[in-house]
Amino acid sequence: MKHILYLLLTLGLTVGARASHPVNDTLPLRKDSIQSIDDVVVTGTMKPVRKLESPIPVEVYGQTFLKSNPTPSLFDALQNINGVRPQLNCNVCNTGDIHINGLEGPYTLVMIDGMPIVSSLASVYGLSGIPNALVDRIEVIKGPASALYGSEAVGGIIHVITKHPGKAPRIHAETMGTSWGEFNADISTTSKKGRVRLLQGLNYYHYNQPTDKNNDNFTDVTLQQRVSVFQKWDIARRTPDKVLQWYARYMYEDRWGGEMLWKKKHRGGDEVYGESIYTNRLELTGMYDLPRIKNLRLSTSFALHRQNSFYGTTSFNATQSTSFTQLTWSGGNKRHQWLAGSALRFQYYKDNTPVEADANFRRTVRLPGAFIQHEFQFHPKHTLLTGWRFDYHSVHRGIFTPRLAYKWKPHAMHLIRFNAGTGYRVVNLFTEDHAALTGARKVVIENALKPERSLNVNLNYMKQFLLWGGHGSFDITGWVTRFFNRITADYDSDPNLILYNNLSRHTTGKGVTLNAEYSSPRQLRINLGVTLQHIPDATGRQQILTERIGGTWLVSFPTGNKKFSFDYTGNVYGRMRVPLLGPLDPRSPYAPVWSTQNIQCTYQPNPQFSVFAGIKNLLNFTPAQRAPFIIARAHDPFDRQVQFDGNGQALATPENPYALTFDPNYVYAPNQGIRFFAGIRWRTKK
């Protein structure tokens, strides 16, 4: 690992040294060559600022990135972002979350247009329902941002910024199908009525072809039918720089996975095993700049999420409503910039989970908060940012989260940023451990769980360079996160239990992230990323389902015929621990090194029309190739033939020599092999 780090550092510094002389403070860069590296971002400081001027490192991914590997949802699109890994958590229903720098999904805050409306219950299946056609760009922050955004922004932020009605084409349509029988369609239109600009769209995803290529009598991929409709309003104000916007989205999804013979009539029964989930979700957001007072903005959001599901015979019905209101003010001068605000989050949650003592569990959380941020440019090359936030949790009382950032720009092509901040998190058991409902394990809370606290420090160095007439950048970030009252799930002590507790001591995770990108005048684009990390569990071992090393790449290159272009994308992950069911379990306790690679060819005869086709998972890798089985006792999903001792432990018998129970949670990669895809994009001129 040290040799890899040394090689990458040497390569980056050597390329930078060759490309950056003669040294001066103003280099003649073409506007289009630097556009991707100096976009305007809003996530780092909650206000628009050029990416290179932000004290907080923010990564930006636009439609060019999304089109290089077309996917039906945001969840799948994130797989080629360095340090970000979509993790599937069940081989049957394909629930998943997003890991940032090795931290699980509950540490990641997902926002849409600045509003934290994808969290808790919605994060289990809701991320699959965000269509890429809705997205203008994605901003990613790695590291805590609780000083501005509060709870859940511990590991980082995925900020989805939707398209603006005034900038989107009048009509945009895209369809894509795969050789597995998947079909995805997006259509959006814009219109203008007086001062109102409208963007409305529809996304439909259909996959209803049960496939069992590993011959375990279970579906390899969850079957889904999903429809999502959205509308965004932008109302022109008499004062041009004042904003009034509304956004609404409704999603319905019907998904199931299980035994190949499962039908709707088997839902909740014990004849044929299946996991069936119906999801209804409504999202509303609004943004309004108040008159008369400059830079005073009121933002609000509401989300209603309902899940009706069966995991075998286990029923799980849950409702969560989240409302959020925030008032912010910004102002200052060239040297001093201030941001202040107050926020109120109200969350109602109800379910019939068997995890809690109350069969009809309810929770209401009120979370008012206030924050202030000061950005001080005390020298043209030096900027200091400080921030403070105080939240009052209705259960856990007062929570204080400070933040510090420092930016030093010694040269037009060099940038150094230091960030330190704290975070906190409150656990929600089902949304964090779907295994509690599969029938395989029971959840035990050993003590009353306290909020988890964290302290993160990271140092970022960025180098821009000119090479062969093109423009590129190289950056490296080292980070350390120390957790206090870390909430851990113990899978190892008892194969039939998930033991939850706060650690009595602190744990420390650390890592290094390296990114390099290059764009040439001939439209060659290269993005490379490597992440090295160590995230320990309570025993000091590497955390389950967390790789020590991972990498991503994207290479886009044209051909002699400018109408054709190719994209080659992929990722690779090192070994990671996976949960076993006991000492006799014959499966490996470590996942192998694995990689997903994709290639695409695009034919674009004019700017309004394009046809694309390619191959996903070129290596045809699936976890089933490296294990005797991935679903334990798939032939006996209701454990009818399992014998237990007095303590509830499975016994080894001639029929069950490994002393296993049914368990679909041995999962670290998608179980979908090689497949072909093709699609069409068409849009009118803006």
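The values are calculated or read from the model by the stated rules, or taken from the named source; none is laboratory data. Since the structure is predicted, the reported quantities are computational estimates derived from the model, not experimental observations. Virtual Cβ from ideal backbone geometry, glycine too; neighbours counted across all protein chains shown.
Miscellaneous remarks
- Yes/no for Thr300 being in contact with a Ser or Thr (Cβ under 8 Å, 6 or more places away or on another chain), surrounded by fewer than 20 Cβ atoms within 10 Å (Cβ to Cβ), modelled with pLDDT of 95 or more and under 23 Å from Ser330 (Cβ atoms): yes
- Subset of region 571-611 that is more than 30 Å from Phe662 (Cβ to Cβ) and part of a loop (DSSP other than H, G, I, E, B) - its residue that is modelled with the lowest pLDDT: Pro607
- Any chance Val84 is over 23 Å from Ser454 (Cα atoms) and buried (at least 24 other Cβ atoms within 10 Å of the Cβ): no
Condition check ((1) at pLDDT 50 or above; (2) closer than 19 Å to Gly550 by Cα; (3) assigned to a loop (DSSP other than H, G, I, E, B)) across all residues:
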site	(1), (2), (3)
Pro22	no, no, yes
Ile37	yes, no, yes
Pro55	yes, no, yes
Leu66	yes, no, no
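- Residue within region 203-220 that is more than 30 Å from Pro664 (Cβ to Cβ), among the hydrophobic types (A, V, I, L, M, F, W, C) and buried (at least 16 other Cβ atoms within 10 Å of the Cβ) present: no
- Phe361 being over 30 Å from Phe378 (Cα atoms), modelled with pLDDT of 90 or more, among the hydrophobic types (A, V, I, L, M, F, W, C) and crowded, with 16+ Cβ neighbours inside 10 Å: no
- Matching residues, region 537-565, being under 21 Å from the mean Cα position of the chain (by Cα) and outside any loop (DSSP other than H, G, I, E, B): Ile549, Gly550, Gly551, Thr552, Trp553, Leu554
- Picking from residues in region 621-638 that are assigned to a loop (DSSP other than H, G, I, E, B) and free of Cβ contacts under 8 Å to residues at least 40 places away in the same chain, the one that is surrounded by the most Cβ atoms within 10 Å (Cβ to Cβ) is Arg633.
- Applying the condition of being in contact with a Phe, Trp or Tyr (Cβ under 6 Å, 6 or more places away or on another chain) and small (Gly, Ala, Ser) to region 152-180 and asking which residue is farthest from Gln326 (Cα to Cα) yields Ser179.
- Test: residue in region 639-657 that is under 34 Å from the mean Cα position of the chain (by Cα) and assigned to a loop (DSSP other than H, G, I, E, B): no
- Screening Tyr568 on (1) more than 26 Å from the chain's Cα centre (by Cα); (2) in a strand (DSSP E or B) shows it passes everything except condition (1).
- Cβ-Cβ under 6 Å pairs, at least 6 apart or on other chains, region 595-606 side touching a residue at least 40 places away in the same chain (Cβ under 8 Å), far side surrounded by 15 or more Cβ atoms within 10 Å (Cβ to Cβ) and basic (Lys, Arg): Asn598/Lys616
- Annotation: of all residues in region 372-384 being of a type in the set (A, V, I, L, M, F, W, C) and at pLDDT 95 or above, the one that is nearest to the chain's Cα centre (by Cα) is Ile372.
- As a summary of the residue check, Gln600 satisfies the conditions (1) buried (at least 21 other Cβ atoms within 10 Å of the Cβ); (2) farther than 24 Å from Asn203 by Cβ except for the one numbered (2).
- Complete set of residues in region 306-341 that are buried (at least 19 other Cβ atoms within 10 Å of the Cβ) and of a type in the set (A, V, I, L, M, F, W, C): Phe310, Phe316, Ala318, Phe324, Leu339
- Against the test of being more than 26 Å from Ile476 (Cβ to Cβ), touching a residue at least 12 places away in the same chain (Cβ under 8 Å) and touching a Lys or Arg at 6+ places or on another chain (Cβ under 9 Å), the options Ala420, Ala370, Ala405 yield a single qualifying residue, Ala370.
- Residues that are assigned to a loop (DSSP other than H, G, I, E, B) and in contact with a strand residue (DSSP E or B) (Cβ under 9 Å, 6 or more places away or on another chain), drawn from region 286-326: Leu290, Ile293, Lys294, Asn295, Gly312
- Unique residue being of a type outside the set (A, V, I, L, M) and at pLDDT below 95 when the list is Thr178, Thr219, Thr211, Thr239: Thr239
- Pairs linking a residue in region 225-238 that is over 9 Å from Tyr205 (Cα atoms) to a residue that is of a type in the set (Lys, Arg), with Cβ atoms under 6 Å and 6 or more positions apart or on different chains, are Phe230/Arg249; Asp234/Arg197; Ile235/Arg195; Ala236/Arg195.
- Unique residue being free of Cβ contacts under 8 Å to residues at least 24 places away in the same chain and of a type outside the set (Asp, Glu) when the list is Tyr590, Tyr568: Tyr590
- Residue match in region 235-242 (condition: over 20 Å from Val135 (Cα atoms), among the small types (Gly, Ala, Ser) and not in a loop (DSSP other than H, G, I, E, B)): no
- When Ala627, Ala632 are checked against the criterion of being at pLDDT 95 or above, over 24 Å from the mean Cα position of the chain (by Cα) and not acidic (Asp, Glu), a single residue qualifies: Ala632.
- Check on Glu283, among the acidic types (Asp, Glu), under 28 Å from Val196 (Cβ atoms) and assigned to a strand (DSSP E or B): yes
- When region 463-514 is filtered for residues that are in contact with a strand residue (DSSP E or B) (Cβ under 7 Å, 6 or more places away or on another chain), small (Gly, Ala, Ser) and either modelled with pLDDT of 90 or more or surrounded by fewer than 21 Cβ atoms within 10 Å (Cβ to Cβ) (or both), the ones remaining, listed by number, are Gly470, Gly472, Ser473, Gly478, Ser493, Gly509, Gly511.
- Where Arg255 falls short, out of the listed (1) charged (D, E, K, R); (2) within 27 Å of the chain's Cα centre (by Cα); (3) closer than 17 Å to Phe638 by Cα: (3)
- When the test is whether a residue is within 21 Å of Val555 (Cβ to Cβ), of a type in the set (A, V, I, L, M) and part of a loop (DSSP other than H, G, I, E, B), Leu618 passes it.
Residue-wise test of (1) free of Cβ contacts under 8 Å to residues at least 12 places away in the same chain; (2) among the aromatic types (Phe, Trp, Tyr); (3) farther than 30 Å from Arg633 by Cα.
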residue	(1), (2), (3)
Tyr273	no, yes, no
Asn280	no, no, yes
Leu284	no, no, yes
Met287	no, no, yes
Arg292	yes, no, yes
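- Any hit, region 107-118, residues being modelled with pLDDT of 75 or more and touching a Leu at 6+ places or on another chain (Cβ under 8 Å): yes
- So Arg681, is it farther than 30 Å from Phe183 by Cα and surrounded by 16 or more Cβ atoms within 10 Å (Cβ to Cβ): no
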